[in-house]
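Heads up: the structure comes next, in structure tokens.
The values are calculated or read from the model by the stated rules, or taken from the named source; none is laboratory data. The model shown is predicted, which means the values in this text are computed figures rather than measured ones. Neighbour counts are summed over all protein chains in view; Cβ atoms, including those assigned to glycine, are modelled from backbone coordinates with ideal geometry.
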Amino acid sequence: MTGVSKKERIAQRLAKELQDGYYVNLGIGIPTLVANYIPDGMDIVLQSENGLLGIGPYPLEKDMDPDLINAGKETISTLPGSVFFNSAESFAMIRGGHVDASFLGAMEVSENGDIANYMIPGKMVKGMGGAMDLVAGSENVIVAMMHTSRDGKSKVLKECSLPLTGLKCVKKIVSDMGVMEVTPNGLVLLETAEGFTIDDVVNATEAKITVSENCLVGTY
Amino acid sequence: MAKILASSKDAMAHVKSGMTLMVGGFGVCGLPENLVHALAETNVKDITLISNNGSVDNWGNGKLIANKQIVKLFASYIGENSELAEQFISGQIDVELVPQGTLAERIRAGGAGIPAFFTPTGFGTKVAEGKEARNINGKDCILEEALLADVSFVKAHKADKLGNLVFNKTAQNFNPLMATAGKITIVEVEEIVENGELDPDEIHLPSIYVNYIVKGEQYDRRIEKRTYSSATS
């Protein structure tokens, strides 16, 4: 855990979900960091919902272009083979299931794979952006999140309390404490992060969770 | 065929109080800033605005919001604008949050003569409230209606004199879709070229959707998040 923040560790673990040749959409926040951990020799094409396939690294300061941004509205660059398109085309890719994996952040996830990540009534209303389309369209929705709130409450729940972004759509959760798969029988703990025992993760999880026979401890 | 207007101010003759207005752009990127800022100089009010974002404080859509010219906003994301948040919480502006892909498709459908469509996006969420739901081939969907506008403001990089358009990089976003869904579509561009100068294969949007073209007077080249790497890394 030393030297690397919790968020970086989650991003490093998320990167292991990538497969060569994947087209991937990275959500704002922790998932964006995954771009830094794509394994050498693996060809991944990153999709940006605002109309770009083939997101390149941040440009040099002198090359920043107001007409070239990612979904987080950051200046970026293109790569050989990059392509631009309009927003309807972008979401045809997303909703049509053409994007192989979608990584996104969450405020809450439930044991049946519901996700809430776009508003806290009365406190924070920013909007869902493209998140509802991403979770509706991708067969491979993987959530990156902190396992508990700042006051220690589980964010992996029996049922979400916040307005939902999507129903039964999350396939896997990678938190700062562990990796969980969403199955018809609830969550299954596959791995724990460094510094956490299986009991630590189970105790920090309000949702129904079973431990895989092959559960690995301290993998990331 | 498109007419070329002398100024963004002249274009405002087509915008009246109470109208529905589409404004292209993703945040400030590809936002038709000269047209929007010209509208902010008028007394036009009670506008229903359809735009992906509320834009930022006091720039772009943010100027219209600060002037209280907008009564209702359709958008997918309304962060980054404190004035909008304040007006929303105090009930001065009505906001309908629309998932971004649904927003794009509702506009595309409007321009393409499709009155409504079923989509899985938003099923079982607040977005589905009051809408018809149907299971189609095993997929739970909701019915979403097309969006049209009295006037669309669009930003393109280049136009020829007929109104054929070329967009630049990610500044394309919602612009070509909104151009198809406006009863009157007004396009601001950085450059107007002679007919024939654009390769027919490079044109993103055919002129048939465009009513007026204006050369934008001033471009701020605004960036919301300046992210860059150093030459050494």
**Request:** Mind listing just one residue for me: the one in the range B:79-112 that is at the interface with another protein chain (Cβ under 10 Å from one of its Cβ atoms), of a type outside the set (Phe, Trp, Tyr) and more than 15 Å from B:SER51 (Cα to Cα) and, of those, surrounded by the fewest Cβ atoms within 10 Å (Cβ to Cβ)?
**Result:** B:ILE89
**Request:** Considering only residues that are within 14 Å of chain A (Cβ to nearest Cβ) and either more than 21 Å from B:ALA13 (Cα to Cα) or among the acidic types (Asp, Glu) (or both), look in the range B:29-50 and name the one that is nearest to the chain's Cα centre (by Cα).
**Result:** B:GLY30
**Prompt:** Does the range B:25-48 contain any residue that is under 22 Å from B:LYS126 (Cβ atoms) and of a type in the set (Val, Ile, Thr)?
**Reply:** yes
**Item:** Which numbered condition B:TRP59 misses (of (1) crowded, with 24+ Cβ neighbours inside 10 Å; (2) closer than 23 Å to A:GLY129 by Cα; (3) not charged (D, E, K, R))
**Value:** (1)
**Complete:** When A:ASN185 is run through (1) over 26 Å from A:PRO121 (Cβ atoms); (2) surrounded by 16 or more Cβ atoms within 10 Å (Cβ to Cβ), the failure sits at (2)
**Request:** Would you confirm whether any residue within the range B:2-9 is at pLDDT 95 or above, under 17 Å from the mean Cα position of the chain (by Cα) and of a type in the set (A, V, I, L, M, F, W, C)?
**Result:** no
**Message:** Which residue is farthest from the chain's Cα centre (by Cα), if the candidates are limited to the range A:1-51 and must be over 28 Å from A:PHE196 (Cβ atoms) and among the charged types (D, E, K, R)?
**Reply:** A:ASP40
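Which of the following residues is closer than 17 Å to B:THR180 by Cβ and acidic (Asp, Glu): B:GLU145, B:GLU132? Lay out the reasoning, then the answer.
On the way: B:GLU132 fails: closer than 17 Å to B:THR180 by Cβ.
So the residue among B:GLU145, B:GLU132 that is closer than 17 Å to B:THR180 by Cβ and acidic (Asp, Glu) is B:GLU145.
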**Item:** Pairs with Cβ under 6 Å, 6+ apart, first in the range B:62-82 and within 13 Å of B:VAL36 (Cα to Cα), second assigned to a helix (DSSP H, G or I) and at pLDDT below 95
**Value:** B:ILE65/B:GLU83; B:ILE65/B:LEU84; B:ALA66/B:GLU83
**Item:** Number of the condition not met by A:ALA11 [criteria: (1) within 14 Å of another protein chain (Cβ to nearest Cβ); (2) aliphatic (A, V, I, L, M); (3) touching a strand residue (DSSP E or B) at 6+ places or on another chain (Cβ under 9 Å)]
**Value:** (1)
**Request:** Please enumerate the residues belonging to the range B:201-222 that are within 17 Å of B:VAL36 (Cα to Cα), within 14 Å of chain A (Cβ to nearest Cβ) and aromatic (Phe, Trp, Tyr).
**Result:** B:TYR219
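Collect the residues in the range B:166-178 that are outside any loop (DSSP other than H, G, I, E, B) and either among the aromatic types (Phe, Trp, Tyr) or facing chain A (nearest Cβ under 10 Å) (or both), keeping them in residue-number order.
Of everything in the range B:166-178, those that are outside any loop (DSSP other than H, G, I, E, B) and either among the aromatic types (Phe, Trp, Tyr) or facing chain A (nearest Cβ under 10 Å) (or both) turn out to be B:LYS169, B:THR170, B:ALA171, B:ASN175, B:PRO176, B:LEU177, B:MET178.
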**Prompt:** When residues of the range A:67-124 are filtered for being at pLDDT below 95 and more than 22 Å from the chain's Cα centre (by Cα), how many remain?
**Reply:** 3
**Item:** Filter result for the condition that a residue is outside any strand (DSSP E or B) and either among the β-branched types (Val, Ile, Thr) or within 12 Å of chain A (Cβ to nearest Cβ) (or both), over B:GLY124, B:GLY163, B:GLY130
**Value:** B:GLY124
**Pair list, Cβ < 6 Å and 6+ apart or interchain, from the range B:117-141 residues that are closer than 23 Å to A:ILE120 by Cα to residues that are at pLDDT 95 or above and part of a loop (DSSP other than H, G, I, E, B)** = B:THR121/B:PRO99; B:GLY122/B:PRO99; B:GLY124/A:LEU167; B:THR125/A:LEU164; B:LYS126/A:PRO163; B:ALA128/B:GLY122
**Message:** Taking the conditions exactly as written (surrounded by fewer than 20 Cβ atoms within 10 Å (Cβ to Cβ), farther than 30 Å from A:GLY166 by Cβ and modelled with pLDDT of 95 or more), does B:LYS45 satisfy them or not?
**Reply:** yes
**Message:** Just to confirm my filter: which helices (runs of 4 or more DSSP H) fall fully inside the range A:23-141 and include at least 1 residues that are at the interface with chain B (Cβ under 7 Å from one of its Cβ atoms) and farther than 23 Å from B:ASN175 by Cα?
**Reply:** A:131-137
**Message:** Would you confirm, using the coordinates I've provided, whether A:THR165 is within 11 Å of chain B (Cβ to nearest Cβ) and among the polar types (S, T, N, Q)?
**Reply:** yes
